[in-house]
Structures are given as C-alpha cells and as structure tokens.
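Structure record follows, encoded as structure tokens.
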Amino acid sequence: MTHDTNDIRTTFVFYAPEREPHAWALDLTGLGEALREPFPEVRHKVRQDRTHQGEPYLSFWAGTEYDGTATVTGRDCVMLTDTTAGEAATFLLWLRDSYLPAPDLIRFSSEPAVERGIETDWHLPADGDAWRLADELRHHLAVVHGEGEPASVEVLTDHGPGLEARTTDSAGCAPARRPRPATRT
C-alpha cells in the first residue's frame, strides 16, 4: 500500500542527541514564554501529573496549528501531535534557528516509527528552509512506510535509559498510541 506522505497527520517527536540528552538546556516555562513571539495565539501551561511519571512537562497549543508537549525527562524533548510534515517544519524552523543553542541538536522520530519498533535517531538538517525540513520529515515517513531509503539516520546501539525514555509513552518523549480523530476540531 502506498501512503501519501504529504498529507499524513501524525505525531512527531523532536529531542536532543542521545550523547547530549540535555544539550537544549530546555526550560519548560521559558519555552512556553518564547513560543509567544512566533505564535502570538499560543497558550501553555507547565503541568505535573501521572501523564509523565509525575515529572513536570509543558503542554502548549496554538489555535489549530500546534498541539504539543515538552519534557526534560530522559532527553530534552518536544512532541507535536496530529500534525503534518509541512506544519511541523514551520515550528522546527523557529525551534532550530531561534530557540536552541546550536542548529545541529535536533533528532527526531514519529509515531509510525515507534509503532513499528524502528529505533533510529533521525538527524534534522542544521540548515535549510521550512521546505527542506518538511522534505526531511516526509522522507522519514516514506522510509518508515517502506517507500524510501534511509538517509541521515543515526542507529541507536545503546538500549539504556535514553532509548527507554524515547520509546515509551509514559516518559513523555514518544508518541502516544491512541486512536486519531478523522478530522481536526
């Protein structure tokens, strides 16, 4: 079956490199406030409940554009839910170029990759515009769906706590496995 990776709505997970799990120096409150500049309609709240094993996390949403969470448990991590590659690319461009301390610190995966047990860290390009970032995300989805060849991936060989934090929903740094609504509300 062929998937049209241009229109896939999914969850993307973006996180710091395995060897530098807190390289982003992510401050949850600071990230929430920083989101207001590029996304004036953003709403955010730092929460602490059983969702992330009792650890604090940032919940944010910007109208119908973005719905996500950020956590510092395991690795610094941002998750965007129910989004397309093109929509995520705009957010990533801001995150990479305006918020993170260096542009080469973003690794990523997706809900379909986690569901298929694909344990790779995809490296987001340190340069390029939103189109290039969207193409990289689409390429990832095509590979995950068996329609492309892997490029710019870093295979994980350490199955320690960093990987556990990324591949389990309870740690907050992996896509939740839940049914998706057919349309956005």
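For the stretch 52-91, which whole-number percentage of the solvent-accessible area (1.4 Å probe, protein heavy atoms only) is attributable to carbon and sulfur atoms?
Details: 590 of 1140 Å².
So the carbon and sulfur contribution to the accessible surface is 52 percent.
Taking the Cβ of T29 as the center, what net charge do the other residues with Cβ under 13 Å away carry, scoring Lys and Arg +1 and Asp and Glu -1? Walk me through the numbers before you get to the answer.
Working: positive: R36, K45, R47; negative: D27, E33.
Combined, the nearby Lys, Arg, Asp and Glu give +1.
Under the rule of at least 5 residues apart or a separate chain, name every residue whose amide H is placed under 5 Å from the amide H of S110.
Counting only residues 5 or more places away or on other chains, the set is V13.
The values are calculated or read from the model by the stated rules, or taken from the named source; none is laboratory data. Model, not experiment: these values are computed from the prediction. Please note: Cβ atoms are built from the backbone with ideal geometry, for glycine as well, and neighbour counts cover all protein chains shown. Areas reflect the complete protein model, heavy atoms only, side chains present, ligands, DNA and RNA absent. Shrake-Rupley method; radii C 1.70, N 1.55, O 1.52, S 1.80 Å.
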